[in-house]
Amino acid sequence: MESLHAPWRIEYILAPKEAASDGSLFTRIAQSGDDEGNFVIARDRTCYAVLNKYPYAGGHLMVVPYKQTADLNDLTEEEMADIMKLTRRCINALKQVMKPDGFNVGLNLGRVAGAGVLEHLHMHVVPRWLGDTNFMPVLASTTVLPQALSEVAARLRAALSQ
């Protein structure tokens with residue numbers, strides 16, 4: 001049997017978990033000036049897009065409002081529209097850069113729905129390819145990513161800046 005390794009996952013598993021603070025992970029990323037280090041690929045007026053550091057599939061990104069809220073009702077009409085517009089731009093950039101066959105797009109609101117950052121809603125955009133669900137994610141709980149996050153981020157930033 002051949003072993004496949006996903007060494008980036010252990011960073012997350014072993015990393016010290018930050019104590020609860022006033023700002024979520026997404027608020028800290030939004031306020032940081034290190035877009036490259038945080039894998040931020042685009043910033044708009046009310047939201048930004050960031051690659052998921054621990055993705056389900058290559059190119060998995062999130063569109064995040066600057067406003068920290070767990071409830072869609074707390075967003076203004078402008079913020080809602082901006083999230084959808086940036087989601088559309090990101091899908092178009094992913095189509096150009098990674099050529100997926102389709103996408104999973106959506107929100108996980110609440111712990112039982114799978115939200116990993118409960119206090120700060122965010123739109124997931126996960127590119128999908130025909131046949132990408134095989135025995136690895138189903139049986140081995142392992143995802144094989146064909147390209148480094150920094151390379152994907154650079155290519156998506158270039159596509160989004162056009």
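Got at least one residue in the range 15-30 being closer than 22 Å to Ala158 by Cα, modelled with pLDDT of 95 or more and either loosely packed, with under 12 Cβ neighbours inside 10 Å or of a type in the set (Asp, Glu) (or both)? There is no residue in the range 15-30 that is closer than 22 Å to Ala158 by Cα, modelled with pLDDT of 95 or more and either loosely packed, with under 12 Cβ neighbours inside 10 Å or of a type in the set (Asp, Glu) (or both).
The number of residues in the range 73-99 that are hydrophobic (A, V, I, L, M, F, W, C), more than 18 Å from the chain's Cα centre (by Cα) and surrounded by fewer than 18 Cβ atoms within 10 Å (Cβ to Cβ) comes to 1. Using the structure shown, decide if Pro127 is outside any helix (DSSP H, G or I), in contact with a Gly (Cβ under 6 Å, 6 or more places away or on another chain) and surrounded by 16 or more Cβ atoms within 10 Å (Cβ to Cβ). Yes, satisfied.
The values are calculated or read from the model by the stated rules, or taken from the named source; none is laboratory data. Source: prediction; values computed, not measured. Here Cβ is always computed from backbone atoms with ideal geometry, including for glycine, and neighbour counts include all displayed protein chains.
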